[in-house]
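The values are calculated or read from the model by the stated rules, or taken from the named source; none is laboratory data. Please read all numbers here as calculations on a predicted model, not as lab measurements. Note that each Cβ is placed from the backbone with ideal geometry, even for glycine, and that neighbours are counted across all protein chains shown. Areas reflect the complete protein model, heavy atoms only, side chains present, ligands, DNA and RNA absent. Shrake-Rupley method; radii C 1.70, N 1.55, O 1.52, S 1.80 Å.
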Amino acid sequence: MKKSKGVLSLVVTAALIALLAFTTTAGFGKSHTGSARNIKLGLDLAGGVSITYQVKDKNPSEEEMKDTIYKLQKRVEQYSTESSVYQEGDDRINIEIPGVSNANEILDELGQPGSLYFIAQKGSDGTDNYSQVNSTGDAAQDYQLNKTLDELEEDGSLVLTGNDVKGAQAGTREDELTKQRMNVVSLTLNDEGTKKFAEATKAATEAAPHESIGIYYDGSFVSVPRVNNAIENGQAEISGSMTFEEADSLASTIRIGGLKLELEEIRSNVVGAQLGEQAISTSLKAGAIGLVIVFLFMIFVYLLPGLASSLALVIYTGLVLVILNAFEVTLTLPGIAGIILGIGMAVDANVIIFARVKEEMSRGKSVRNSLKTGFQKALSAILDGNITTLIAALVLWFMGSGTVKGFAQTLGIGIVVSMFTALAVTRLIVFAFYAVGLRSEKLYYRKGKEHAVVDFLSKKKVFFAVSILLIAIGAVFIGVNSAGGRGAFAYSLEFEGGTATNVTFNEDYSIDEIDEKIVPVVEEVTGDANVQTQKVAGTNQVIIKTVTLELADREALNQAMVENFQVNEEEITAENISSTVSSEMRQDAVIAVIVATICMLLYIWFRFKDIRFATSAVAALLHDVLVVLAFYAVARISVGNTFIACMLTIVGYSINATIVIFDRIREELHYSSKQTDLAELVNKSITQTLTRSIYTSLTTFVMVAVLFVMGVSSIKEFALPLMAGIVCGAYSSVCITGALWYVMKQKTVKNKNQK
């Protein structure tokens, strides 16, 4: 690279950093477009809208409530993946949507949940089921039923109900005849609905002229489309002269209509953040301090390349913030975990590259050739490690829901950006430094003693025994906790529900004042160390969420509020609430993780051409999950939304570290012969990547540790198990995976020899 090009590259880098810094701090225009302040934040960080529905049906069953909650959860995810839906009392459903402040707007867009029916134009006796009485263009005014819904059901004229509709989406397409753009609503039916709709549309097209099928919702018609042809594939389309807003409204109505229960809105509030400004600012400071420590560490260890990687990390951080803003990703505490993991993986890629560069320089190669070869040799490990984790993120995004989906978004963004900055930006900066004349070997390589090969495999029985012991301790604690009635884990209200107490105070407390003054009193009375609070905007009301309180506990809490804050006890209300992580959402998460693990296994098998590599990697993942579960059981750390993010972070982090070691073993096998000692080869590969394993774990650990030291209680409970998981992931990658592969490889060789 010529000197002029090197100077230009550094100028472009500086300009990009300045642009990203300006964008994330100030933004553009009056609306501050691109600014970090415009990133959508979750309920825990910024608050949102809380809407409570009352079930119209008397005595709804538990199954009906669960089904309705799950379907509503899927529908409100159109506003944010971090939206939550849970049961309040026996017959109420509460929806919390972060990042918005206009409850009426949400109610208009969401629609009023009610019963949805698709009705055939004529009954079995040939009479009209509905008639057109006006021509205003509004189906609700133009059509009316001629029979009751019970009569239509008995007659078989109810073609579909809302339960038969899987999805409805507004869109635009080009009319085949007129070539004009038209707005449409696309419907997707389930298997049963597909069969019924095929029969009904076939019958409608056999009539002359073709008959219509009316869509009847909550007491009136919303659309009466004519059937043009039989629809047998479960994919229907409603078209006509309507604006996109009308099409979108119709799609929303159809989506919300597929509920087993009819609901009516009884109240809506704007609620404040669950974490105060102090907690958020402290977390941001902790993140900045962690990044600075990582920068200094990288520069100290890797000299000029370390400076290049630090500049690339600044660009990484800015790009992630801009992308979160551009794609309107809702950022919550679990989402921050995905960003932290992304930073860890960005550092990891640079460490892999620079470790390779140092190896080449130690062999006597020139600086330029060492840099070129180092990037080339590191490419396969970086791609395999990141693609494996990206596969997991994509599966979690498509199959997960709620927190899992939000985590997958931020993780996926972090992985893509980290690969770009490591392979493109860092490379550009490093070669630019070289081009402008910074070519001294001392700037790129600090000579030191060459590490002797560590005999890890001789200690494999000890490592296996330690892992089994840790997992066994966890199993014992889970059993003891369950038998003692404390529960296997310390489940938070997100997992097992609790009590929501609404208190009207005599003054308007800020969120930070609530954390400092009110929460400690509640924790002392209830014994709950994970109290959640929400401030109702425009009022002095505070919603206090705790574990489920018995009558005596509720009375004690009420008395404490009266004594400490002189509130009116008559204005205190309390309701039991269900878990915000429903059983269906947990099932979705488990299935998504299983599918992601299988996909990762298949990818590793495909890339390494050896099922033993894939099996060892998955076994190590299982090991890490079980050990961290043991940590949760022993330390009685709250199992809530952050638990899911923590476990997923550990899985992504661990698999990446394992891939690096396997990549080195694969490379060594390529140059080996029949006389090569397999144990020595494995030990050599682990030793060669040991520095990378230590440095990457250390930098990521530092990021999380600073959060733990400076964060509030909820952040500490998130950071502590994550720290344990990082240590566990490093241990399993270095001490377990290579040994497992070696044991399986040896058994295969013995079996072949015996034959």
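Based on alpha carbons, the Rg and Dmax found for the stretch 460-552 are 19.4, 65 Å.
Given a Förster distance of 45 Å, report the FRET efficiency between Gln144 and Leu394 from their Cβ-Cβ distance, rounded to the nearest 0.05. Efficiency computed from Cβ-Cβ geometry: 0.40. The Cα-based radius of gyration of the stretch 362-402, divided by its Kirkwood radius, gives an Rg/Rh of 1.36.
Counting only the Cα atoms, the stretch 194-255 fills a convex hull of 97 Å³ per residue.
Largest accessible area first, the residues Arg363, Arg612, Arg92 order themselves as Arg363, Arg92, Arg612 under a 1.4 Å probe with ligands, DNA and RNA left out. In the assembled protein chains, Ile391 presents an accessible area of approximately 40 Å² (probe radius 1.4 Å). Here the Karplus curve 6.51 cos²θ - 1.76 cosθ + 1.60, taken at θ = phi - 60°, turns the phi angles of the stretch 247-253 into couplings of 5, 5, 5, 5, 4, 5, 4 Hz, with x standing for Gly and Pro.
The simple Förster model, with R0 at 41 Å and r as the Cβ-Cβ distance, assigns Trp605 and Thr127 a FRET efficiency of 0.05.
Using a 1.4 Å probe over the heavy atoms of the protein chains, calculate the carbon and sulfur portion of the accessible area of the chain as a whole percent.
Working: 19010 of 33880 Å².
Using a 1.4 Å probe with all protein chains present, the chain comes out at 56 percent carbon and sulfur.
Secondary structure note: in the chain, about 95% of the DSSP beta bridges are antiparallel.
Over all directions, how big on average is the projection of the convex hull of the alpha-carbon atoms in the chain, in square nanometres?
41.7
Loop-resident chymotrypsin sites (Phe, Trp or Tyr not before Pro) (DSSP state other than H, G, I, E or B) in the stretch 378-415 with no more than 14 further Cβ atoms inside 10 Å of their Cβ are absent.
Summed over the residues of the chain and divided among them, the accessible surface reaches 45 Å² per residue at a probe radius of 1.4 Å. Take the Kirkwood radius over Cα pairs of the stretch 279-324, plug it into Stokes-Einstein at 10 °C and 1.306 mPa s, and you get 141 µm²/s for translational diffusion.
When the alpha carbon gyration tensor of the stretch 463-613 is reduced to an equivalent ellipsoid, the three semi-axes, largest first, read 43, 20, 14 Å.
For the chain, the mean residue ellipticity at 222 nm estimated from helices alone is -19500 deg cm²/dmol, where every DSSP H run of n ≥ 4 contributes -39500 (n - 2.57) and the total is divided by all residues, rounded to the nearest 500.
For every other residue with a beta carbon closer than 13 angstrom to the beta carbon of Gly234, add +1 if it is Lys or Arg and -1 if Asp or Glu, then tell me the sum. Its environment carries a net charge of -3. Loop-located trypsin sites (Lys or Arg not before Pro) across the stretch 385-473 with a Cβ neighbour count of 10 or fewer within 10 Å are Lys447, Lys449, with loop assigned by DSSP. Sorting Glu575, Glu668 on solvent-accessible area from highest to lowest, probe radius 1.4 Å, gives Glu575, Glu668.
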